[in-house]
Amino acid sequence: MEDRTLFINKDKLLAKIKDDHRIADIDLEIVRPGDDVRIMPVKDVIEPRFKNSGGDMFPGFTGDDDMVGSGITKVLAGTAVVTTGEVVGFQEGIIDMSGPGAEYTPFSKTINIVINCEVSQGIKQHIHEEVLRLIGLTAANYIGEAAKDAKAHETRIYEHKPLLEACSLNGGLPIVGYIYMLQSQGLLHDTYVYGVDAKEILPTLISPTEVMDGAIVSGNCVSACDKNTTYFHQNNPIIEELYEKHGKEINFVGTIITNENVTLADKERSSSFTARLAEKIGLEAAIISEEGFGNPDADLIMNCKKLENRGIKTVLITDEFAGRDGASQSLADSTPEADAVVSTGNANETIILPPLEKVIGNDEHADNIAGGFAGSLKEDGSIEVEIQAIIGATNELGFNKLTARGY
Amino acid sequence: MLSNNPLFSTQEKQNKVIGLSKEKTSVLEKIRATFVLKHCQELEDVLLLTRDQVHQGGRLITHPLAGSLKPWENPYRTIGIRSGSDLDFASLEIIESAIKKYEQFFSQQKLNSSQNLTPETRRDFSLIDFSLIYAGFKNCYGSDL
């Protein structure tokens with residue numbers, strides 16, 4: 001680092017990440033806001049951070065298995081590590097650095113260190129996903145190290161008190177918690193907590209500062225618009241906002257992570273545990289955020305219903321799949337208790353993406369996406385896609401700008 | 001178990017299953033041995049036959065909507081159902097709303113995305129569908145599977 005400028009030694013970084021026999025080819029490029037570049041298919045996005053004290057980033061993966069969430073964490077804000085790679089044939093995930101598509105993804109505004117990686121022939125999809133996941137985390141750590149001795153230009157303090165103490169503070173303010181749903185359905189739909197596959201966890205408390213230190217890592221590569229990349233977890237805006245209002249309008253006492261599994265028995269168990277835990281820690285109200293859509297809508301609604309039945313008021317945050325005209329039912333499930341819902345946009349809305357000069361990732365895949373929508377490939381080479389193909393377009397943590405309002 | 005996933009088709013039983021790990025191949029064999037498999041040609045048949053089963057007292061084990069792919073982007077679906085004697089309204093509500101969602105997207109998209117799929121993409125979709133069931137059943141039945 002020289003003042004605010006980050007320098008990367010490409011050879012050193014590549015040497016750090018390519019030492020894996022499963023990698024066939026790897027390269028990296030830096031792209032900037034406004035560049036005539038399309039990145040696709042994006043696998044994950046990670047913010048480089050460095051912990052001067054209090055453990056290492058990404059515990060359970062690149063960091064020691066010890067706890068994080070305290071000490072000093074330095075953030076190279078404005079940069080992002082972006083990994084690409086086609087794990088499965090129908091994968092999407094577009095970042096346009098300029099043009100109309102750029103408006104729909106927050107990563108058109110970051111300086112991206114894009115790692116384009118091909119794995120050896122015969123590598124199975126789940127191994128491919130794992131290789132890309134580890135490359136991304138390792139690269140982010142390597143880059144993050146540059147912040148080690150750098151001077152911070154802005155300092156924020158986040159405090160997370162023990163529960164009893166937290167609940168007794170701020171007398172009179174409503175006791176509010178956050179129910180943080182994690183995608184955990186199987187191959188390409190997974191999230192990890194301290195390295196543990198989230199489908200194996202029972203709902204539990206996590207400190208918001210642990211989340212900032214990379215305790216939650218994305219292994220999710222489908223549903224570009226509303227998957228939570230690792231970057232979104234690190235920068236969860238719901239947590240930021242709850243901290244912001246803490247002590248003024250609300251008393252933000254705890255975050256409960258829960259999963260989104262496939263079987264109905266799992267869904268019932270997780271939502272019941274979540275509701276019980278929320279009651280035990282004395283919540284009066286909770287924000288619930290979903291990840292993904294389809295059967296996770298059932299988890300969202302179960303969480304809502306069971307918390308409300310215990311007298312805990314809920315606000316849900318979700319995106320919509322309401323059809324291209326926005327006229328169809330938005331969610332696959334509903335309940336009368338879900339009377340406070342924030343929409344982060346309709347993922348079925350279509351957009352025309354003009355051709356960009358350069359594609360990083362997989363050119364062929366551009367045709368695949370275009371071919372996926374009959375007649376969407378225009379003669380001038382532009383493609384018409386639903387915004388769900390764009391990374392973060394309808395992010396359900398509210399990271400992006402879209403919403404829908406009822407009048 | 002109702003499915004239109006070719007992995008569960010008896011005709012394909014002898015075919016070499018591409019892309020499955022040893023562990024998953026053994027799960028596949030156990031699923032075939034443990035459950036009554038009804039293989040359907042069309043996705044719609046999977047949903048409608050599941051509804052029939054629910055009307056006859058069946059209870060859904062797995063959710064009929066896919067994970068986070070685009071709704072009905074995946075042309076394959078596998079649904080687990082347990083037999084019972086009384087109508088389970090929760091299961092009925094879930095399968096009815098899934099069918100409604102299916103009709104909504106089928107009429108809008110005519111399942112464009114699934115009609116011109118390459119064999120590789122079909123294989124990937126088949127694997128994803130299997131993986132969801134695998135994850136679910138591993139949780140439900142643990143070491144028995």
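Odds and ends about this structure:
- Within the stretch A:266-290, tally of residues that are part of a helix (DSSP H, G or I) and open to solvent by 30 Å² or more (accessible area, probe 1.4 Å): 8
- Test: residue in the stretch A:283-297 that is within 14 Å of another protein chain (Cβ to nearest Cβ) and free of Cβ contacts under 8 Å to residues at least 40 places away in the same chain: yes
Residue-by-condition table, conditions (1) at pLDDT below 95; (2) within 14 Å of chain B (Cβ to nearest Cβ):
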residue: A:304; (1), (2): no, no
residue: A:308; (1), (2): no, no
residue: A:316; (1), (2): no, no
residue: A:320; (1), (2): yes, yes
residue: A:326; (1), (2): yes, yes
residue: A:342; (1), (2): no, no
residue: A:348; (1), (2): yes, yes
residue: A:354; (1), (2): yes, no
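- Residues satisfying the stated conditions in the stretch A:9-50, i.e. exposed (fewer than 14 other Cβ atoms within 10 Å of the Cβ), touching an Asp or Glu at 6+ places or on another chain (Cβ under 6 Å) and among the hydrophobic types (A, V, I, L, M, F, W, C): A:24
- Considering the stretch A:88-134, the residues that are among the small types (Gly, Ala, Ser) and away from chain B (no Cβ under 12 Å) include one that is surrounded by the fewest Cβ atoms within 10 Å (Cβ to Cβ), namely A:120.
- Any chance residue A:376 is within 14 Å of another protein chain (Cβ to nearest Cβ) and at pLDDT below 80: yes
- Scanning the stretch B:73-92 for residues that are surrounded by 13 or more Cβ atoms within 10 Å (Cβ to Cβ) and within 9 Å of chain A (Cβ to nearest Cβ), we see that the one that is modelled with the lowest pLDDT is B:73.
- Residue match in the stretch A:51-71 (condition: within 14 Å of chain B (Cβ to nearest Cβ) and either in contact with an Asp or Glu (Cβ under 9 Å, 6 or more places away or on another chain) or closer than 28 Å to residue A:154 by Cα (or both)): no
- Cβ-Cβ under 7 Å pairs, at least 6 apart or on other chains, the stretch B:121-145 side at pLDDT 80 or above and buried (at least 19 other Cβ atoms within 10 Å of the Cβ), far side assigned to a helix (DSSP H, G or I) and of a type in the set (A, V, I, L, M): B:126/B:7; B:130/B:7; B:134/B:27
- A search for C-beta distances below 6 Å between a residue of the stretch A:323-341 that is closer than 15 Å to residue A:309 by Cβ and any residue that is open to solvent by 30 Å² or more (accessible area, probe 1.4 Å), counting only pairs 6+ apart in sequence or on different chains, returns A:335/A:305; A:337/A:305; A:337/A:308.
- Matching residues, the stretch B:100-120, being more than 7 Å from every other protein chain (Cβ to nearest Cβ), more than 23 Å from residue B:80 (Cβ to Cβ), modelled with pLDDT of 70 or more and open to solvent by less than 60 Å² (accessible area, probe 1.4 Å): B:117
- Residue within the stretch A:141-148 that is of a type outside the set (Gly, Ala, Ser) and open to solvent by less than 30 Å² (accessible area, probe 1.4 Å) present: yes
- Residues located in the stretch A:158-176, provided they are within 19 Å of residue A:69 (Cα to Cα) and over 30 Å from the mean Cα position of the chain (by Cα): A:164, A:165
- Some residue of the stretch A:74-92 being within 22 Å of residue B:118 (Cβ to Cβ), in contact with a strand residue (DSSP E or B) (Cβ under 9 Å, 6 or more places away or on another chain) and modelled with pLDDT of 90 or more: yes
- Pick from the stretch A:304-337, criterion farther than 28 Å from residue A:390 by Cα and touching a helix residue (DSSP H, G or I) at 6+ places or on another chain (Cβ under 6 Å), ranking: most open to solvent (accessible area, probe 1.4 Å): A:310
- Boolean, residue A:383 is modelled with pLDDT under 85, surrounded by 20 or more Cβ atoms within 10 Å (Cβ to Cβ) and either farther than 22 Å from residue B:67 by Cα or away from chain B (no Cβ under 14 Å) (or both): yes
The values are calculated or read from the model by the stated rules, or taken from the named source; none is laboratory data. Computed from a prediction, not measured in an experiment: that's the story for all the values here. Cβ coordinates were reconstructed from backbone atoms using ideal geometry, including for glycine residues, and neighbour counts include every protein chain displayed. Just the protein is used for accessible areas: all its heavy atoms, side chains included, with ligands, DNA and RNA removed. Shrake-Rupley method; radii C 1.70, N 1.55, O 1.52, S 1.80 Å.
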